[in-house]
Amino acid sequence: MEYSRDRDRDRDRNSQEKEFVEKLVKLNRTAKVVKGGRRFSFSALTVVGDRKGNVGYGFGKANDVSEAIRKSIEKAKRNMVRLPIKNGTIPHEIIGLFKSSEVLLKPACSGTGIIAGGPIRAIMEAGGITDVLSKSIGAKNQYNVVKATFQCISLLMDGKVVAKNRGKSLKELWG
């Protein structure tokens, strides 16, 4: 009897975990030289999304790889933002800046796919975007590229919100 109860509990936990898509963007190992040798620590940058327009990123550090990834995933779940989606793509073209990294995102027609590299692709897949064109300009530091992409997301305007602010219906705005 006890065995079946544990199995049911695991199944519930797995269905809850599968609610979010977790993608590891970067795992970094650093070494500190101490008297007895080298002491390694790890940092992880992850992106979490529900494929329905919610996406977040997190950064975690620990002495163990799995602990660093777990911390970064927890932070990513706490820092979720809304990603406006229009027909599987973004509503309009946008440029995001963070330090010397610049990210350009353009909407694409259906069937194009995600034309993006590394961190931008992970963010778009986790957020539920199926068609987008992107270009990373400037520094290729993955931490800064992720932050520039999230700056793009924060600047994206949702059609429903814009229509409401203008006092028009969504049909009047987009035709």
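Applying the condition of being within 13 Å of the chain's Cα centre (by Cα) and in contact (Cβ under 8 Å) with a residue 24 or more places away in the chain to region 76-94 and asking which residue is farthest from residue 133 (Cα to Cα) yields 77.
From the list 102, 125, the lone residue that is closer than 15 Å to residue 148 by Cβ, assigned by TED's automatic domain parsing to the domain that holds residue 144, in contact (Cβ under 8 Å) with a residue 40 or more places away in the chain and acidic (Asp, Glu) is 102.
Among (1) in contact (Cβ under 8 Å) with a residue 12 or more places away in the chain; (2) outside any strand (DSSP E or B); (3) out of contact with any Gly (no Cβ under 6 Å at 6 or more places or on another chain), which single condition is residue 70 missing? Here residue 70 meets the rest and fails (1).
The values are calculated or read from the model by the stated rules, or taken from the named source; none is laboratory data. Note that the structure is predicted; figures quoted are calculated from it, not measured. Methodologically, a virtual Cβ is constructed for each residue, glycine included, from the backbone with ideal geometry; neighbour enumeration extends over all protein chains shown.
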